[in-house]
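Enquirer: Sharing a structure below in structure tokens format, with a few things to ask.
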Amino acid sequence: MTFNEDFWDNRYIDKNTGWDIGYVSTPLKTYFDQLKNKDLKILIPGAGNSYEAEYLHNLGFKNVYVVDISSIPLQGLQERLPDFPSKHLIHADFFDLDMAFDLIIEQTFFCALDPKLRLQYAMSSHQLLNKNGKIVGLLFNDPLNEDHPPFGGNKEEYIACFNPMFNIEIMALCYNSVKPRAGRELFIKMIKKE
């Protein structure tokens, strides 16, 4: 199965979006609430309906970028938030981006990728981040599926993937996951190695 634009468009068209909780997840809201620098350039890849981008925008962060291979959720975010800069809504493949960011937010993108692309995700994230840039977010700590997203994983496999390029400051069982994901998520904070 190819997880391309048509695949994801059809998921939205069919309303087959089980990953979508309908609001910013509690762990990320908690993290965002303590951020002081509103000038951070933030990327949310594979953001879907991107309640995280909406929340950050409403907090006054004006350098939030959303990339998704499907245009459908990008259009939805623009409709919900007409003053969100349209040039910050990028209809593209994450792996084709050529920009620089201070922070990448991970929320159900990594688990949507074919597991064969995980090392490429780590390398691409490293290239996209400025000096001392960070990946912050959530990864599933659960086997999940082998033939379709979401794909799960575990801490040991994630450390092997990210450790060559990132200092893993936090990778711990998330204490404030939304109820359906309780005990099944790791909160991560990883800083780019130079």
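Enquirer: Looking at this structure, is A122 surrounded by fewer than 19 Cβ atoms within 10 Å (Cβ to Cβ) and in contact with a strand residue (DSSP E or B) (Cβ under 8 Å, 6 or more places away or on another chain)? Lay out the reasoning, then the answer.
Expert: Numbers: surrounded by fewer than 19 Cβ atoms within 10 Å (Cβ to Cβ): no; in contact with a strand residue (DSSP E or B) (Cβ under 8 Å, 6 or more places away or on another chain): yes.
No; evaluated as a whole, the condition is false for this residue.
Enquirer: Kindly indicate whether I104 is at pLDDT 95 or above and touching a Leu at 6+ places or on another chain (Cβ under 6 Å).
Expert: Values: at pLDDT 95 or above: yes; touching a Leu at 6+ places or on another chain (Cβ under 6 Å): yes.
The answer is yes for I104.
Enquirer: To continue, here is another question. Would you pick out the residues in the stretch 158-175 that are under 26 Å from I21 (Cα atoms) and either surrounded by 13 or more Cβ atoms within 10 Å (Cβ to Cβ) or hydrophobic (A, V, I, L, M, F, W, C) (or both)?
Expert: Within the stretch 158-175, Y158, I170, M171, A172, L173, C174 qualify.
Enquirer: Let me ask another. Residues being among the hydrophobic types (A, V, I, L, M, F, W, C), within 19 Å of V178 (Cβ to Cβ) and at pLDDT 90 or above: count how many of those fall in the stretch 136-168.
Expert: Total meeting the criteria: 4.
Enquirer: Only residues in the stretch 165-182 that are more than 10 Å from T26 (Cβ to Cβ) count as the first member; pair them with residues that are of a type in the set (S, T, Y) and not in a strand (DSSP E or B), Cβ under 9 angstrom, at least 6 apart or cross-chain, and list the lot.
Expert: Close Cβ pairs satisfying both conditions: M165/S125; F166/S125; I168/Y158; M171/Y158.
The values are calculated or read from the model by the stated rules, or taken from the named source; none is laboratory data. Since we're looking at a predicted model, the values are computed, not measured. Ideal geometry is used to build each Cβ from the backbone, glycine not excepted, and the neighbour counts take in all protein chains shown.
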